[in-house]
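Novice: Quick one: the structure is below, questions incoming.
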Amino acid sequence: MDIAKRNPANPILRPADLKPCIPGMEITCLLNPGVFRMNGKTWLLLRVAERPVQQEGVISFPVYNESGEIKVLSFDKNDPQLDASDPRVIGYKGQNYLTTLSYLRPVCSDDDVHFVEDPAVRPIFGEGPQESFGIEDCRVATMEDGYFLTFTEVSPVAVGVGLIGTRDFKTLDREGMIFPPHNKDCALFEEKIGGKYYAFHRPSSPELGGNYIWVAESPDRIHWGRHICIATTRPGSWDSARIGAGAAPIRTPEGWLEIYHGANHENRYCLGALLLDLDDPTKVLARSKEPIMEPIADYEKTGFFGNVVFTNGYYMKDADTIQMFYGASDEVICSAQLSVREILNTL
């Protein structure tokens, strides 16, 4: 049951709409942005993926070297030790590399459709060895003391969750990795519960367990404990292979409403919802049986990695209307509106 009201202007942002930030690169994909409101405008913190212009018979991609400079690696497509079967990941001699380098790029809008860049708010790039393959999939939690960005740090040795705090997006307080590998899909609650901060996260284990949604609590947003798994994948369902949190949950009279993504074993990504107890967010009150949004539009079914709708960000346009921004087919940015009441009625 797809209840999303898609913007007729979709896609609202395509790779061709922006110029590369990295010299000598091209923008391959725009992916699921974090969302926040600042100075009366809607801001998207896009995940922008860049790579060198590809030459015939060669695969090239960028990484940060030990000095923090961007270096381009190139491999012959006919090399028998090269595995290029996945457009997102390259395997070579037992080492995996990403085919693109991602960073976070802010754009803003007065109407939620036409987005422009503000030169006063600069892109955010990876720093240090734990972000040498870039930073990805940012969520932005708007709180009384500022904006707090959780994002995926990617390197040859690990995937973990980083945290940046800021009040104006000009001065950034980098707190480093707050959830150790292998972890991603972290979204902070935007208010304390019982004096504690809470967050969703997704530790992963191929040996035991799986890609599940967990909740943790913290006294300071940096040190996290009391981890509890609240939702697992469901065999034979639309979310059978992996699940992960979207953005900060929405407080409703019925409970915390969280829009999450799920994928099946054919890598078809849809959106569903969880309803959590207001006083104890480790207690699940209800969950979507069927998706509330599926990749059914052409721009969601075909692209860099097709059959994907994936959200990291939304804001409340009014008491019932969720203004959501999402990545489609791992290539373009779109928007849609969802009704809180309609979502709750599907659970």
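Novice: Looking at the range 187-199 only, could you name the residues that are surrounded by 12 or more Cβ atoms within 10 Å (Cβ to Cβ) and part of a loop (DSSP other than H, G, I, E, B)?
Specialist: We begin by selecting, within the range 187-199, every residue surrounded by 12 or more Cβ atoms within 10 Å (Cβ to Cβ); these are 187-193, 196-199.
Across the range 187-199, the qualifying residues are Phe189, Glu190, Glu191, Lys192.
To keep it simple, each residue is scored yes or no on (1) under 23 Å from Arg105 (Cα atoms); (2) surrounded by fewer than 18 Cβ atoms within 10 Å (Cβ to Cβ).
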{"site": "Phe125", "(1), (2)": "yes, no"}
{"site": "Val154", "(1), (2)": "yes, no"}
{"site": "Asp185", "(1), (2)": "yes, no"}
{"site": "Gly210", "(1), (2)": "no, yes"}
{"site": "Val215", "(1), (2)": "no, no"}
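Novice: Which of the residues spanning the range 308-330 are among the polar types (S, T, N, Q), touching a Phe, Trp or Tyr at 6+ places or on another chain (Cβ under 9 Å) and not in a loop (DSSP other than H, G, I, E, B)?
Specialist: Start the filter on the range 308-330 by keeping residues that are among the polar types (S, T, N, Q), which leaves 311-312, 321, 323, 329.
Then drop every residue that is not touching a Phe, Trp or Tyr at 6+ places or on another chain (Cβ under 9 Å), which leaves 311-312, 323, 329.
Of everything in the range 308-330, those that are among the polar types (S, T, N, Q), touching a Phe, Trp or Tyr at 6+ places or on another chain (Cβ under 9 Å) and not in a loop (DSSP other than H, G, I, E, B) turn out to be Thr311, Asn312, Gln323.
Novice: Quick one: count up the residues across the range 292-324 that are under 16 Å from Ala245 (Cβ atoms) and of a type in the set (A, V, I, L, M, F, W, C). Walk me through how you get there before you give the answer.
Specialist: Of all residues in the range 292-324, those under 16 Å from Ala245 (Cβ atoms) come to 292-293, 309-314, 322, 324.
With the extra rule that they be of a type in the set (A, V, I, L, M, F, W, C), the set shrinks to 292-293, 309-310, 322, 324.
Of the residues in the range 292-324, 6 are under 16 Å from Ala245 (Cβ atoms) and of a type in the set (A, V, I, L, M, F, W, C).
Novice: Could I ask something else about it? Looking at (1) surrounded by 15 or more Cβ atoms within 10 Å (Cβ to Cβ); (2) of a type in the set (D, E, K, R); (3) over 24 Å from His201 (Cβ atoms), which one does Asp118 not meet, given that it meets all the others?
Specialist: Just one mismatch for Asp118, condition (1).
Novice: Separate question: Which one of the conditions (1) on the phi > 0 side of the Ramachandran plot; (2) part of a loop (DSSP other than H, G, I, E, B); (3) of a type outside the set (S, T, N, Q); (4) open to solvent by 30 Å² or more (accessible area, probe 1.4 Å) does Arg226 fail to meet, given that it meets all the rest?
Specialist: The number of the failed condition is (2).
Novice: To continue, here is another question. One residue is enough: does the range 20-37 have a residue meeting the conditions closer than 30 Å to Tyr147 by Cα, of a type outside the set (D, E, K, R), in contact (Cβ under 8 Å) with a residue 60 or more places away in the chain and surrounded by fewer than 17 Cβ atoms within 10 Å (Cβ to Cβ)?
Specialist: There is at least one residue in the range 20-37 that is closer than 30 Å to Tyr147 by Cα, of a type outside the set (D, E, K, R), in contact (Cβ under 8 Å) with a residue 60 or more places away in the chain and surrounded by fewer than 17 Cβ atoms within 10 Å (Cβ to Cβ).
Novice: Here are some residues: Asn32, Asn96. Which one is assigned to a strand (DSSP E or B) and modelled with pLDDT under 85?
Specialist: Numbers: Asn32 fails: modelled with pLDDT under 85.
Of Asn32, Asn96, the one residue that is assigned to a strand (DSSP E or B) and modelled with pLDDT under 85 is Asn96.
Novice: Go through Lys184, Lys170 for me and flag whichever is closer than 22 Å to Phe125 by Cβ, assigned to a loop (DSSP other than H, G, I, E, B) and not hydroxyl-bearing (Ser, Thr, Tyr). Spell out how you get there, then give the answer.
Specialist: Working: Lys184 fails: assigned to a loop (DSSP other than H, G, I, E, B).
Going through Lys184, Lys170 in turn, the sole match is Lys170.
Novice: Cβ-Cβ below 8 Å, separation at least six or inter-chain, first residue in the range 274-297 and surrounded by 15 or more Cβ atoms within 10 Å (Cβ to Cβ), second among the hydroxyl-bearing types (Ser, Thr, Tyr) and assigned to a loop (DSSP other than H, G, I, E, B): which pairs?
Specialist: The qualifying pairs are Leu274/Ser288; Leu276/Thr282; Pro295/Ser329.
Novice: A further question on this structure: When you scan the range 298-307, do you find a residue that is at pLDDT 95 or above and assigned to a strand (DSSP E or B), even just one? If you could, list the steps in order and put the result at the bottom.
Specialist: Kept after step one, since they are at pLDDT 95 or above, are these residues of the range 298-307: 298-301, 307.
Remaining after also requiring assigned to a strand (DSSP E or B): none.
Scanning the range 298-307, I find no residue that is at pLDDT 95 or above and assigned to a strand (DSSP E or B), so the answer is no.
Novice: If only one of Arg202, Arg221 is in contact with a Lys or Arg (Cβ under 9 Å, 6 or more places away or on another chain) and either polar (S, T, N, Q) or open to solvent by less than 60 Å² (accessible area, probe 1.4 Å) (or both), which one is it? Spell out how you get there, then give the answer.
Specialist: Numbers: Arg221 fails: in contact with a Lys or Arg (Cβ under 9 Å, 6 or more places away or on another chain).
On inspection, the qualifying residue turns out to be Arg202.
Novice: Could you please give the count of residues in the range 217-257 that are touching a residue at least 60 places away in the same chain (Cβ under 8 Å) and touching a Pro at 6+ places or on another chain (Cβ under 7 Å)? So that I can check it myself, show each step before the final result.
Specialist: Start the filter on the range 217-257 by keeping residues that are touching a residue at least 60 places away in the same chain (Cβ under 8 Å), which leaves 221, 244-252, 254, 256-257.
In the following step, the residues that additionally are touching a Pro at 6+ places or on another chain (Cβ under 7 Å) were identified as 256-257.
Going through the range 217-257 one residue at a time, the tally reaches 2.
Novice: Checking Lys170 against (1) within 19 Å of His201 (Cβ to Cβ); (2) open to solvent by 10 Å² or more (accessible area, probe 1.4 Å), only one condition comes out false. Which one?
Specialist: (1)
Novice: Name, by its number, the condition in (1) surrounded by fewer than 14 Cβ atoms within 10 Å (Cβ to Cβ); (2) part of a loop (DSSP other than H, G, I, E, B) that does not hold for Ser85.
Specialist: Among (1) surrounded by fewer than 14 Cβ atoms within 10 Å (Cβ to Cβ); (2) part of a loop (DSSP other than H, G, I, E, B), Ser85 violates only (2).
Novice: Where residues in the range 200-209 are farther than 21 Å from Lys283 by Cβ and of a type in the set (Gly, Ala, Ser), which of them is modelled with the lowest pLDDT? I'd like the intermediate steps shown before the answer.
Specialist: Keep residues of the range 200-209 that are farther than 21 Å from Lys283 by Cβ, which gives 204-208.
Among the residues that remain, those that are also of a type in the set (Gly, Ala, Ser) are: 204-205.
Numbers: Ser204: 88, Ser205: 74.
So the residue we want is Ser205.
The values are calculated or read from the model by the stated rules, or taken from the named source; none is laboratory data. Just so it is clear, the structure is predicted and the values come from calculations on it, not from any experiment. Here Cβ is always computed from backbone atoms with ideal geometry, including for glycine, and neighbour counts include all displayed protein chains. Keep in mind that these areas ignore ligands, DNA and RNA; they rest on the heavy atoms of the full protein, side chains included. Shrake-Rupley method; radii C 1.70, N 1.55, O 1.52, S 1.80 Å.
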